[in-house]
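The values are calculated or read from the model by the stated rules, or taken from the named source; none is laboratory data. Because the structure is predicted, anything quoted here is derived from the model rather than measured. Cβ: placed from backbone, ideal geometry, glycine included. Neighbour counts: every protein chain shown.
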Amino acid sequence: MAKLAKLDDIVSLCKRRGFIFQSSEIYGGLASCYDYGPLGVELKRNVREAWWKDVVRMRDDVVGLDCSILMHPLVWKSSGHADKFADLVTVCKKCNTRTRVDHLEDHADEHTEHVPVETALVDAADLDKKVCPNCKTVGKFSEPMAFKLMFETQMGANADDTMTLFLRPETAQGIFANFRNVMDSTRVKIPFGIAQIGKSFRNEVTTKAFIFRTREFEQAELEFFCKPGTDEEWYEHWKQRRFQWYIDHGIKAENLRFRDHDPDELAHYAKACVDVEYKFPFGSGDWQELEGIANRTDFDLRQHQRGMRTINDWHEAGGDLQKITLKDEDPEYFKGPLSYFDEQAKERYIPYVIEPSAGIDRSTLAFLVDAYDEEEVDGKTRNVLRFHPTIAPVKAAVFPLVKKHGMPEFATKIANDLKSSFSCFYDQKGAIGRRYRRQDEAGTPYCITVDGDSMEDNTVTLRERDSMEQTRVSADQLKSLLIEKLGL
């Protein structure tokens, strides 16, 4: 039975084995920023690839996109981020800790979805009953204030042509802004989806638990466009599809659950929303959001149709978003540039959108936590990451038993041959048992050892990570056997 991992165990392993490092560590580090090391970058890449394969490559109704991080400021005016994307925060007068107002409640869970300022204002009325999460003082808080979550930057060579831009807080808006481009340049028809993986940035008031909540993170988002009236069916489809994806890639079913958003918790644009939650080893209730699936209705495309009509106003205002008000919606909005004409039904409408939105960093952390195990072997503790082969950073490791008698050359030839099909690591340093343990801790599914018999009969020892069972196999059949076992 797998040992329940503690966050400290994961952080220690990540630093020790080169999965994840603190960013700028030689200068004391930068809070909430992390760098992926040699094993971590492979793990994260495999998580990313597994998502893309399932959501895009294996389907005929989804295409991909890679949008610029920097976008026209009116994108964020139209989406509502420029005006409303903020948290209500307060400061403890005793310890000076700054906290989101909605996080002062005695929740069993904390969620990534930000509470609208209007809702948080209701909570703020009872600050005299709230407890500081740092020093536990009751009711000693400053007047709440809005804290904007988008990072601002400047684009331009000099002061005369400088424009204020934002680092995107989500990847979804780039998809909506390119809806017509995709429609005009491909043969897709409703229902279809547009998927994207990319960096997003949020100036979070408080970060949390290693890479669980950071200010710079990677999102994997799908906007699936469908005909109004079919949205509930597609909502259920993507709920089940995304839940099963985690199980198919090694997450234990008992560590996953759905949590439906309450009506008063829903974002203003959402008809329905559910979180896929994972039982992380931290937090007040352990269950934390891993991914959200939302029915966004036709809100986004309608908003951008309104925003497109404000471009002249924006120029006249000198690019000042605060002076811009979105135009009233055209009474015939369903005929606008972001509408869809159904040739078969001979009708035009604004598509509804189902959005599965996952965090690649958060998913990577969940896979690390779920794979972590400790067990006693021959009186010693064996640390092992039981990764699903698809996401394991290294698929196989090759060792010569000793550094002589032609074994290194034989092993190197095998390793180079395997590298053409999957990630493979070569190691000839240290006792063979220690080399096995290093690969167990890295999550490598298989180890191949070249020994004296290999030089006589062309066989090698194949060791399986989880069971530690060893079998002799022909070197000529090794590659095809591993491809079969790894499911590649």
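Of all residues in segment 171-190, those satisfying the criterion of being of a type outside the set (A, V, I, L, M) and either surrounded by fewer than 19 Cβ atoms within 10 Å (Cβ to Cβ) or part of a helix (DSSP H, G or I) (or both) are Q173, G174, F176, N178, F179, R180, N181, D184, S185, T186, R187, K189.
Answer with yes or no whether Y27 is touching a residue at least 12 places away in the same chain (Cβ under 8 Å), in the same structural domain as T186 (by TED's automatic domain parsing), under 27 Å from M150 (Cα atoms) and not hydrophobic (A, V, I, L, M, F, W, C).
Working: touching a residue at least 12 places away in the same chain (Cβ under 8 Å): no; in the same structural domain as T186 (by TED's automatic domain parsing): yes; under 27 Å from M150 (Cα atoms): yes; not hydrophobic (A, V, I, L, M, F, W, C): yes.
No: the conditions fail for Y27.
The helices (runs of 4 or more DSSP H) found wholly in segment 338-450 and carrying at least 1 residues that are farther than 30 Å from T207 by Cβ and modelled with pLDDT of 95 or more occupy 407-419, 432-442.
Of all residues in segment 286-302, count the ones that are polar (S, T, N, Q) and buried (at least 21 other Cβ atoms within 10 Å of the Cβ). The total comes to 2.
Looking across segment 195-241, the residues that are closer than 30 Å to R348 by Cβ and under 17 Å from the mean Cα position of the chain (by Cα) come down to A195, Q196, E221, L222, E223, W238, K239, R241.
For segment 315-330, the set of residues classified as under 36 Å from the mean Cα position of the chain (by Cα) and farther than 17 Å from Q154 by Cβ consists of K323, I324, T325, L326, K327, D328, E329, listed by residue number.
When V276 is tested against the conditions (1) touching a Ser or Thr at 6+ places or on another chain (Cβ under 9 Å); (2) at pLDDT 95 or above, the lone failure is (1).
For G193, the stated conditions hold: it is surrounded by 14 or more Cβ atoms within 10 Å (Cβ to Cβ) and either of a type outside the set (V, I, T) or touching a Leu at 6+ places or on another chain (Cβ under 7 Å) (or both).
For segment 225-239, the condition holds for at least one residue, the condition being that it is of a type in the set (D, E, K, R), within 23 Å of I360 (Cβ to Cβ) and touching a residue at least 24 places away in the same chain (Cβ under 8 Å). Residue count for segment 195-236 under the criterion of being acidic (D, E) and within 25 Å of M183 (Cβ to Cβ): the result is 5. When segment 238-255 is filtered for residues that are of a type in the set (A, V, I, L, M, F, W, C) and out of contact with any strand residue (DSSP E or B) (no Cβ under 6 Å at 6 or more places or on another chain), the ones remaining, listed by number, are W245, I247, I251, A253.
Looking at segment 47-90 only, could you name the residues that are part of a helix (DSSP H, G or I) and under 30 Å from F19 (Cβ atoms)? Those that are part of a helix (DSSP H, G or I) and under 30 Å from F19 (Cβ atoms): V47, R48, E49, A50, W51, W52, K53, D54, V55, V56, R57.
The set of residues in segment 465-488 being loosely packed, with under 12 Cβ neighbours inside 10 Å and more than 18 Å from V450 (Cα to Cα) consists of D466, S467, E484, G487, L488.
For segment 279-318, what are the residues that are part of a helix (DSSP H, G or I) and either polar (S, T, N, Q) or on the phi > 0 side of the Ramachandran plot (or both)? Of everything in segment 279-318, those that are part of a helix (DSSP H, G or I) and either polar (S, T, N, Q) or on the phi > 0 side of the Ramachandran plot (or both) turn out to be Q303, Q305, N312.
Conditions tested, residue by residue: (1) in the same structural domain as E42 (by TED's automatic domain parsing); (2) surrounded by 19 or more Cβ atoms within 10 Å (Cβ to Cβ); (3) within 22 Å of D370 (Cβ to Cβ); (4) among the hydrophobic types (A, V, I, L, M, F, W, C).
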| position | (1), (2), (3), (4) |
| --- | --- |
| V402 | no, no, no, yes |
| K413 | no, no, no, no |
| C424 | no, yes, no, yes |
| Q428 | no, no, no, no |
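Looking at segment 1-55 only, could you name the residues that are of a type in the set (A, V, I, L, M, F, W, C) and surrounded by fewer than 16 Cβ atoms within 10 Å (Cβ to Cβ)? Result: M1, A2, L4, F21, I26, L30, A31, C33, V41.
The set of residues in segment 191-219 that are out of contact with any Ser or Thr (no Cβ under 6 Å at 6 or more places or on another chain), assigned to a loop (DSSP other than H, G, I, E, B) and either basic (K, R) or more than 24 Å from A82 (Cα to Cα) (or both) comprises P191, R202, A209, F210, I211, F212. Considering (1) more than 32 Å from the chain's Cα centre (by Cα); (2) within 20 Å of L385 (Cα to Cα); (3) surrounded by 12 or more Cβ atoms within 10 Å (Cβ to Cβ), the lone condition that D440 does not fulfil carries the number (1). Being over 23 Å from L13 (Cα atoms) and of a type in the set (G, A, S) is true of A475.
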